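One structure below.
All of the numbers you see were taken from the coordinates with simple rules; none came from a lab. All values reported here derive from a predicted model rather than from experimental measurement. Neighbour counts are summed over all protein chains in view; Cβ atoms, including those assigned to glycine, are modelled from backbone coordinates with ideal geometry.
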Amino acid sequence: MPTQDPFPDVTFKVFSEFVTQNFSSRVSLATVLLVLFSLTENPDLLNLHGQQKKSYVQGEKKQTISGWMKSLARALKEHLGSNARALMKHKELPQNLDDNALVTPIATKLDSLASVLKLEPVFSKSGKLKNKLATISQHEITAVHVICPASMECEDLNCKPFALAQDTLPKDVPKVTLIEGTRIHKDVHVLSGKCSHCDAKYYADHEGINQASGRRNRIYLNSAKYIKVGQLFGLIASFQMQW
């Protein structure tokens, strides 16, 4: 595995204060997260930008807001469309909102946020590179997955649509490996459901419906999101994409 840098270790207070002080009060959570991940997903661009911010070589022009950062700002603006205005305070909005009017102001904010998040290469006082920004690890923000039935209520035709109750005792919850595309999630909890009226059992990949004879019929679902192979669960959509 290549060397990775940890996800930015800043407090939520510091991050939220930056958002409050620099972005519009109407900015959405989706836009803020887009800005954050646009920085963490572009370490090479931030390294190039950081190198141009330092003018250690004689005759080299220092550029606080480099063309690299402006290019990221332009791509971000194009992606956001009219929502890009939310990255500016109302008093900061230029009167002429042409295609390039917001690029430099947004690039300036991206540069400031990168500094707050410490997403910058590190140089010595003499200008020698000490630490180049590596790929940012997503491990600390990887979502916790829980595999459970897709059905919300009992689907037995002979039973009323009772809500399903969680049927797995905490000490009995199995833990499996979940494969999601190329990602592997360890120790994922697998839960089952139960109808409190007819005692039917529901799982992520099949249902156990009670028959009139008193026997339980196991029905595997064509609409299941997961496929089970031993102790491995895979998202069916991900496998289909790879096929």
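Structure notes:
- Förster radius 45 Å - calculated FRET efficiency between Leu48 and Lys175 (Cβ-Cβ, nearest 0.05): 0.55
- Whichever lysines have a C-alpha closer than 21 Å to that of Lys194, once near sequence neighbours (fewer than 8 apart) are set aside: Lys160, Lys171, Lys175, Lys225, Lys228
- Of Lys61/Lys89; Lys13/Lys130; Lys132/Lys186; Lys62/Lys132; Lys70/Lys118; Lys13/Lys132, pairs whose Cα-Cα distance is over 22 Å: Lys61/Lys89; Lys13/Lys130; Lys132/Lys186; Lys13/Lys132
- The gain in end-to-end length when the Phe7 to Phe162 segment is fully stretched comes to 51.4 nm, 0.36 nm per residue minus the alpha carbon separation.
- A crude spin-label estimate for the pair Glu17 and Glu140, with each label 7 Å from Cα along the Cβ direction, gives 1.8 nm.
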